[in-house]
Amino acid sequence: MVDKVFDRSNAVYVKTVPRKGRGVFANVPFKVGDVIERAPTWGFDDTQATLLDCTGVLQYYFVRHDRHLKGDPLTGYVVFGLISMVNHSFNPNAQILWTDAASGAWASIVATKNIRVDEEITHHYTNISSYPHAIEFID
């Protein structure tokens, strides 16, 4: 069985983290401000969110913190890329930044602290209150 699965750039890899599931780790050092990954998204509205919340997709979609600023009618976004496997932390070393383009919304995960090789990349989930109470968030 493979212990680590690398992305095409070999900058990050995915491995299982005890009590958390899969997580994303640095294979190269990242400095504050470095873009770790950029990925396209698919946005959905409240009606679709109600359906997605009944599935495992709830644990992988994102809610934009800047939604109210841009008058975004969408409820959330599915992010296509390893960003969707980055675990939560109350003391994260990265954050999600959003950009809008003619091709749709894009999510980038950017280092907010220097990240060492083999360190887990984490960010702060903005929609923790939406998760079932049975899910325990650990650092």
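The charge dipole of the stretch 5-130, taken about its Cα centre with unit charges on the Cβ atoms of Lys, Arg (+1), Asp and Glu (-1) only, comes to about 360 debye.
What order do you get for Phe90, Phe44 when you list them from fewest to most C-beta neighbours inside 10 Å? Mind dumping the intermediate values first?
Numbers: Phe90 11, Phe44 18.
Ascending Cβ contact count within 10 Å gives the list Phe90, Phe44.
In plain terms, the chain from Phe90 to Ala102 could stretch by 1.0 nm, reckoned as 0.36 nm per residue minus the Cα-Cα distance.
Panel order for Ser108, Ser103, by other beta carbons found within 10 Å of each beta carbon, from fewest to most: Ser103, Ser108.
Each value in this text was obtained by applying a stated rule to the coordinates, not by laboratory testing. Predicted model, so just to flag it, every value in this text is computed and none were measured. Neighbour counts are summed over all protein chains in view; Cβ atoms, including those assigned to glycine, are modelled from backbone coordinates with ideal geometry.
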